[in-house]
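Below is one structure, written out as structure tokens; the observations come after it.
Please treat every number below as a calculation from the coordinates, not as lab data. These numbers come from a predicted model, not from an experiment. Here the Cβ positions follow ideal geometry from the backbone for every residue, glycine too, while neighbour counts run over all protein chains shown.
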Number of protein chains: 2
Amino acid sequence: MECVFCKIAKKEFPCYKVYEDKNFLAFLDIRPLNKGHTLVIPKKHYRWIWDVEEIALYFKVVKKVANAIRKAFKTEWVVSLIIGEAVPHAHVWLVPRFENDGHPKGWLDINNVKKISEKEMREIADNIKKYL
Amino acid sequence: MECVFCKIAKKEFPCYKVYEDKNFLAFLDIRPLNKGHTLVIPKKHYRWIWDVEEIALYFKVVKKVANAIRKAFKTEWVVSLIIGEAVPHAHVWLVPRFENDGHPKGWLDINNVKKISEKEMREIADNIKKYL
């Protein structure tokens, strides 16, 4: 079966889109560790992030999206994780942190997934997009 | 007290150096989650990574170091975390992963810090440097 992120990049699967350009796409994670948890992916398939050729361009986009999340959620603090195991397509996690967000100090609880309605997911994506 | 990473960047504190250029420095984490766990920092002080002006250059260096770690440890799989809480100076973690390395699937156990002698830390840094 084809990679799920390739399908999202080709619009064959839906997503709560936050940002898109020729090479990259950012959308909300459907298992958010906090409101605003966003994935940034290259549209081209790479198994591992350290193989992405356009790495400089990629992290310009990641920074742009991270700063939009900071403004949308009024927090300085956006952590990033690049694990690459759950979906074998290069991706960067951006997770805004808040006081008393249920995650431990200096770390994230991977099982602390927030329940957010579809309506609110759309509102969150729209809110981040305002700053992009 | 001045920031510890600024002191390392200014050579006022020692480190197991892996890479250095005009703007960036990479060195081994002294609380390694695996052998080869490396930090990449901008020499200039930034509190948060998403404020780093030279973000494109920064992640070119991060990619270069990540790929050297892959070669040095013969693993494809180098995860990256950007948390920013423990030391208030922008930094990127690079942690190579291995089969049966004591970390959970798709995640890291923050308390699983490996004991590595000073001699071996120097050998690890030298080994990574060979590929840079």
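Some values worked out for this structure:
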item: Evaluated over chain B, the Cα radius of gyration and Dmax, each in Å; result: 14.0, 41
item: Positive-end residue, chain A charge dipole about Cα centroid, Cβ charges, pick of A:86, A:39, A:112; result: A:39
item: Cβ-based exposure ranking for A:55, B:30, in which fewest neighbours within 10 Å come first; result: B:30, A:55
item: Selected from B:98, B:24, B:13 as most flexible by GNM, with chain B as the system and alpha-carbon contacts under 10 Å; result: B:13
item: Check: segment B:4-129 dipole with +1 on Lys, Arg Cβ and -1 on Asp, Glu Cβ, in debye; result: 280 debye
item: Largest to smallest principal axis extent of the C-alpha atoms in the protein assembly as shown, angstrom; result: 56, 45, 33
item: Residue of A:56, A:90, A:72 that the Gaussian network model of chain A assigns the largest fluctuation, springs spanning Cα pairs under 10 Å; result: A:56
item: GNM result for chain B, Cα springs below 10 Å: residue of B:22, B:74, B:60 fluctuating most strongly; result: B:22
item: Structure-based [θ]222 nm, the protein assembly as shown - -39500 (n - 2.57) summed over DSSP H runs of at least 4, per residue, nearest 500; result: -9000 deg cm²/dmol
